[in-house]
Amino acid sequence: MRFDEILGGYVPNNSVFHKADPRIKLLYTLYGLIVLFFIHHWIPFLIMGIVIFMMFCFSKIGIIVMVKSLKAIWVLIVLAFFLQLLDDTGRVIISWSFITVTEEGITRSFIMVARLCYLIWLSLLLTATTSPMRIADSTESIFKTIGIKKSYAHDISMIMSLAIRFIPIISIEAGQIIKAQTARGAKFEDRRIIKRVQAFFPLIIPLLVSSFKRADELALAMDVRYYNGYQGRTRYIELKMKISDYFLLIGVFGLFTFILFLEKAVSY
């Protein structure tokens, strides 16, 4: 698995979204995630899907990366679909033994799957077009703007940056461990779900050991470079808003707000 196909991996490019101010991208991503929890009808979800698809097209990330990003949570998607499907409230379509499928249950199942996919894709759009350090700088800048103490703002942004940086690294290491275990005779592609889940337990210990080792190496590297939090810290590139950033912010916020109003109109 390539680094740029994993959620959290930065994909260098020259698109409009890559050039945009990271604070703008962080704000409209958070707003989009909030909007997703306020829409419950298929028409707003359809519009939301078209908007996210167009954003991916303009960011030049690629549709294949969108699809591959769902590979890590396919079990959660299937589970969420069937849990919503078994809700017996509404007009009954199929009733057999203890299983009851309703029209409203099917609608809720597809909406839940769409919500999970959109959550992943919006997060992917942020991390794929913004480097971890830029995300940390934008987070710190926003926290300072809203009045949070400088030391707390810097610490929180640094923790977020390191967490985002470690997601693709741990994913790659998990893939390498799976290949090594497969070469030793482990079976991760068993058709039986229970056997497949059991096969993943031996991955936990080596993955934890590797993660703690990397964390210790990172802490040592920061200590050697005399890292001392926000005190005396300067930046090579200062964050400055451009006219195109304001247009992007207004455009994306306007589309998400339109979807929110559309949900309200459909509800009536």
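FYI, it's all coordinate maths here, none of it is from the lab. Keep in mind the model is a prediction, meaning the values are calculated, not measured. Quick reminder, even Gly has a Cβ in these numbers, built from the backbone with ideal geometry, and neighbours come from all protein chains shown.
Quick look at the numbers
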| quantity | calculated |
| --- | --- |
| Euclidean distance of C-alpha centroids, segment 72-86 and segment 9-68, integer Å | 22 Å |
| Rounded to whole Hz, the Karplus (6.51, -1.76, 1.60) HN-Hα couplings of segment 118-132, x for glycine and proline | 5, 4, 5, 5, 5, 5, 5, 4, 6, 6, 7, 9, 9, 5, x |
| Distance violations [Cα-Cα > 32 Å] among Lys71/Lys150; Lys150/Lys242; Lys68/Lys187 | Lys71/Lys150 |
| Computed helical MRE - 222 nm, the chain, DSSP H runs ≥ 4 contributing -39500 (n - 2.57), nearest 500 | -23000 deg cm²/dmol |
| Hz values of 3J(HN,Hα) by residue in segment 169-176 - Karplus curve (6.51, -1.76, 1.60), Gly and Pro given as x | 5, 5, 4, 5, 5, 4, x, 5 |
| Alpha-carbon Debye profile of the chain, log10 I(q)/I(0) at 0.13, 0.15 Å⁻¹ | -1.05, -1.25 |
| Charge dipole of the chain about the Cα centre (unit charges at C-beta), most positive-ward option of Asn13, Met112, Ile73 | Asn13 |
| Charged-residue dipole, Cβ positions (Lys, Arg, Asp, Glu), the chain about Cα centre, Debye nearest 20 | 540 debye |
| In Hz, Karplus ³J(HN,Hα) per residue of segment 245-252 (6.51, -1.76, 1.60; θ = phi - 60°; x = Gly, Pro) | 5, 5, 5, 5, 4, 5, x, 5 |
| Whole-number percent relative contact order across the chain, with pairs defined as alpha carbons under 8 Å at least 6 apart | 30 percent |
| Expected-Rg normalisation [2.2 N^0.38 Å, Cα atoms] applied to segment 51-157 | 1.54 |
